[in-house]
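This report concerns only the one structure given below.
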Amino acid sequence: MCGIVGYVGHRPALPILLEGLHRLEYRGYDSAGIALVGSRGIETFKRSGRVRDLESILPAARARIRRATTGIAHTRWATHGAPSDRNAHPHLDRHGRIAIVHNGIIENAAALRARLALDGVEFASETDSEVLAHLIAAMPAGRLVDAVRAALQLVTGAYGLAVMDAERPDTLVVARNGSPVVLGIGEREMFAASDTAALVRHTSQVVHLDDGELAELRADGYETSTLEGGPTVKTPLTVTWAAEALDKGSYGHFMRKEIDEQPDAVRRTLTGRLDHRFHTSRLGGLELDPRALLEIRRVKILGCGSAWIAGTIGAHLIEQLARIPAHAEPASEFRYRNPVIEPDCLYIAVSQSGETFDTLAAVQEVTRKGGQVLGIVNVVGSSIARACGRGIYVHAGPEVSVVSTKAMTCTATAFALLALHLGRIRDLAPTEGQRLVAALEALPGQIASILADEPAIAAIAQTFAGVSNAYFVGRARGYPVALEGALKLKEVSYLHAEAYPASELKHGPLALIEAATPTVVVLPRDALFAKNLSTIEEIHARQGPVVVVTHPGPLPIAVAGRIDVPQSAPELDPILLNVPLQLLAYHVALAKGRDVDRPRNLAKSVTVE
Ligand code: G6P
């Protein structure tokens, strides 16, 4: 959601914090701020708008603050209080001694505000976060970490928090409960951030805090402890992301760059995981032996947004290849309906970031009730990956664009590996396994050939730019492709787009089909080809224009637009059929002049409820 960066060390903090904010801007981008501690105490700079708007107010003060070597910074996605200069973080206590930046939601903020107001505190913002600065300042003097700990004992809610004290300019304190905090270990310097992306330029050694943990950072190291005060021992992880992967390079947008990265990303998902001897996949991180996997009677997949849709593709794959009943459900729906947890059900949590609050809460609900859960996650060491403790890392590389493209494709590929593995333990024949291994190996090259067709897809996108509504329909394994195509289009171009199972068209949406409403029909050449052709006839009978995403070969019906993708194994077709719809959404967004990498009201990683 929002992004946090903190620095304490021997170098000027300002450029490090600004660079970190730019890295995190994809997490939230309605306001930004920085606080630095120097000889004149704490100075804060904050501004609604983008990080570049914040930068525009810095030059006057630059000379004064450039030597400060401790600071905290924040980029915000508003929850409590509208985006404005005064609601932007950092927030200060009334004497300007304590500065805080906070991600998450303080649930008892109203009660704490009332209590602080009785003590004469006047609030400078409408945020729930500001109470933290006043509370910490009100704690008995001593070590900053003890004051933060004492204040947090009065707080209910979620937080990722960084705190600075004008009287202890060599110290930063960070704390975590439900919102990620990662420490970066440097040479005579320490970093903190809500996301590894802000750290990889400076260090590859990171430490993830757990919920209920605090850390005191100084230039020469860090100490971690629990909310109750006991020390904790952490083992640093080495991050393998190259810092360049987080740059746009020659591309205009991260979304376009990440679409292009898909052949390589899928190759990484597959690397070392295909077994040509037994025609299956090798998934070391599952930590479930074949006997345990044989006992699974059902699979339940949980995720949000594109991760949920990737899970829907995964459910089809598992049912088809392993003949285990499988179903995907939005993680938020699942956790709120007091779900029945079955001992012979395998629960799978899916997340690119590994930090989505609802998905993490669903994992905790399954675990609390004794269910077995594994993660299909992109970010190594993330909260969901750690909460699951086992699973499959997707290895898509860092995804910066708010709308998911390569992570979606790689997650679907990871599901294919899992389905193959489960299938080959059960009844999937070796020849079938061989067919799928070959099809998986062909995916990167096939994706590259789809990307080469961009000019034709861009031309079709022009015809969507002027319409107000669009439909996407698909059958069986084509339905998640329709769902993801519609989601991409509305997220990035704001064009109203809905997905329906093709068979449902005549049960409602057909009433809305007219000459000005295009429908994208997912039309693989599979057993349902003829059925999908009938759907197209139904749409044509209402003068609706149809664009098909299909396989090469003759079409018995004339359509307004046609995008061909290479044929894969039928089970893997959704992975390829999805790719041109990413390009379609991208080009509609370009034609409509949208801010592709920062769509309005959305955030890359939703770490609040
Ligand atoms: C947000 C993003 C989506 C993403 C979803 C789940 O809503 O805008 O693009 O699919 O979160 O994110 P996750 O990191 O859990 O995959």
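The numbers here are math on the coordinates, done by the rules we state, and not lab data. The structure presented is a predicted model; accordingly, all values stated were derived computationally and were not measured. Here Cβ is always computed from backbone atoms with ideal geometry, including for glycine, and neighbour counts include all displayed protein chains.
Remarks
- Positive-end residue, segment 249-450 charge dipole about Cα centroid, Cβ charges, pick of Ser449, Pro339, Gln434: Gln434
- q = 0.09, 0.12 Å⁻¹, the chain: log10 I(q)/I(0) [Debye, one scatterer per Cα]: -0.73, -1.17
- Cα gyration tensor shape for segment 1-143, rounded if a/c is under 1.5, else prolate or oblate: oblate
- Restricting the calculation to Cα atoms, every distinct pair contributes to the Kirkwood radius of segment 458-599, found to be 14.8 Å.
- Counting only aspartates and glutamates at least 8 places from Lys490 when in the same chain, those with an alpha carbon closer than 16 Å to its own are Glu498, Asp595, Asp597.
- Ordering of 245-257, 363-375, 414-426 by packing is 414-426, 363-375, 245-257, highest average first (other Cβ atoms within 10 Å, averaged per residue).
- Prolate/oblate/rounded call for segment 249-450, Cα gyration tensor, a/c under 1.5 rounded: oblate
- Computed over segment 156-265, the P(r) curve from all C-alpha pair distances, binned at 10 Å from the origin, holds 13, 39, 27, 16, 5, 0 percent per bin.
- A DSSP coil position with no more than 13 other Cβ atoms inside 10 Å describes the following trypsin sites (Lys or Arg not before Pro) in segment 148-206: Arg188.
- For segment 3-245: relative contact order, % (alpha-carbon pairs under 8 angstrom, 6 or more apart): 20
- Mean Cβ neighbour count within 10 Å, used as a protection proxy, ranking 485-493, 135-143, 8-16, 519-527 highest first: 485-493, 519-527, 8-16, 135-143
- Relative contact order, percent, segment 453-594 [alpha-carbon distance under 8 Å, six or more residues apart]: 31
- Segment 512-567 versus segment 351-382: alpha-carbon centroid distance in Å: 38
- Zero-based 10 Å bins, Cα pair distances in segment 3-245, whole percents: 8, 36, 40, 15, 1, 0
- A Cβ-based charge dipole, computed about the Cα centre of the chain with Lys and Arg at +1 and Asp and Glu at -1, lands at about 420 debye.
- Between Asp564 and Arg298, the FRET efficiency from the beta-carbon distance, with R0 = 35 Å, is close to 0.45.
- What the Cβ-Cβ distance of Ser468 and Phe123 gives, at R0 = 35 Å and to the nearest 0.05, is a FRET efficiency of 0.20.
- Sites Arg542 and Arg435, calculated FRET efficiency, Cβ-Cβ separation with R0 45 Å, nearest 0.05: 0.70
- The chain, helix-only ellipticity at 222 nm - DSSP H runs n ≥ 4, -39,500 (n - 2.57), divided by all residues, nearest 500: -11000 deg cm²/dmol
- The HN-Hα couplings worked out from phi for segment 155-162 by the Karplus form 6.51 cos²θ - 1.76 cosθ + 1.60 (θ = phi - 60°) are 9, 10, x, 10, 8, x, 9, 10 Hz, whole numbers, x standing for Gly and Pro.
- The label-point distance for Asp427 and Thr232, in a model that sets each label 7 Å from Cα toward Cβ, rounds to 4.7 nm.
- Remark: spin-label model distance Glu107-Thr240 equals 3.9 nm, labels positioned 7 Å along the Cα→Cβ axis.
- Cα-projected label distance for Arg52 with Asp289, points at 7 Å along beta-carbon direction, nm: 5.9
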